[in-house]
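Data block below; observations after.
The values are calculated or read from the model by the stated rules, or taken from the named source; none is laboratory data. Because the structure is a prediction, the values reported are computed rather than measured. Counting neighbours? That spans all protein chains shown, and the Cβs are built from the backbone with ideal geometry, glycine included. Ligands, DNA and RNA are stripped out before the accessible areas are found, and what is left, the full protein with its side chains, is counted by its heavy atoms. Shrake-Rupley method; radii C 1.70, N 1.55, O 1.52, S 1.80 Å.
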Amino acid sequence: MNKKPIIGISGNFIMDKGGMFPGYKRAYVNDDYVKAVAMAGGVPYIIPIVSDEDLAKEQISNVDALILSGGYDVNPLIYGEEPKQKLGAILPERDKFDLWLLKEACKMNKPVLGICRGIQLMNAAFGGTLNQDLSYDENCYIKHLQETSPSTAGHTVEIMEGSRLNSILGSKITTNSFHHQSLNRVAEGFKVTAKAKDGTIEAIEKNGENFVMGIQWHPEMMSSSSPEMLNIFKELIKNVKKV
Ligand code: MN
């Protein structure tokens, strides 16, 4: 029997607000990532945050591809900036962990899909910078933190010809939008593959053979209603190398 590719989804922490153990830390991912991977034909695995680099590398060696999931803001110290007033909550422990996962996945030539925080982390990891809040980008006039349901498309996105993303989604789509930060300087070795009308970067791809893609919106939240968005996950899975 041909085994389905194992898709690791980077985990997050959540603290219990009430119940039996207030403040108790739990490892989790949003269920939409799990569902999208399963629907796209992969085997979803949650990769829980660990504090040991060797263990994180072992985690990567046990999956065929990596999804860097959404969540906290990236610590600006990673890209050489002090925190500005409108920076949101950060979780340095998770930054460290995600960087280990990403670097190891790239080293092992495993496909990577970064979503929301994932694209931001990816850009920072390879030397790029972020706008700590969209209000610091004078060109940004679109509402990127929509207040409608996650499956609703909020704004249009234009996708560059010749990119991997263009071959999946075509040149113009509408996406949801749940970010208050954006990419500023793009990391060397990456190209911008999608933008909103105000110039906000919505997707990047790493140059080279391996599939390393970052997306600013949340395709996993639209995947059950939009076959196009599910195709992003199918493409990630298709790019798993059969050894
Ligand atoms: Mn957006």
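Below are the figures for this structure:
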item	result
Computed lengthening from residue 103 to residue 197, 0.36 nm per intervening residue step minus Cα-Cα distance	30.7 nm
Per residue solvent-accessible surface (Å²) - segment 10-86, probe of 1.4 Å	57
Within the chain: Cβ-based charge dipole about Cα centre, in debye rounded to nearest 20 (Lys, Arg +1; Asp, Glu -1)	600
Cα gyration tensor shape of segment 6-75, rounded if a/c is under 1.5, else prolate or oblate by comparing a/b with b/c	oblate
Heavy-atom accessible surface of segment 41-196: percent carbon and sulfur, 1.4 Å	49
Distribution of pairwise C-alpha distances over the chain, 5 Å bins, in %	1, 7, 14, 19, 21, 18, 12, 6, 2, 1, 0
Lysine-lysine proximity count for segment 1-125, Cα under 13 Å, sequence distance 8 or more or distinct chains	5
Stretchable slack from residue 39 to residue 180, in nm (0.36 nm times residue separation minus alpha-carbon distance)	47.9 nm
Within-13-Å neighbourhood charge of residue 131 [Cβ basis; K, R +1; D, E -1]	-3
Global geometry of segment 17-154, whether rounded, prolate or oblate, following the gyration tensor of its Cα atoms and the 1.5 cut on a/c	rounded
Filter on 172/197; 172/238; 206/238 - keep pairs with C-alpha separation over 21 Å	172/238
Estimated distance in nm for a label pair at residue 224 and residue 171, the labels positioned 7 Å out from Cα along Cα-to-Cβ	3.4
DSSP-defined beta bridges in the chain - what % are antiparallel, rounded to 5	60
Prolate/oblate/rounded call for segment 83-187, Cα gyration tensor, a/c under 1.5 rounded	oblate
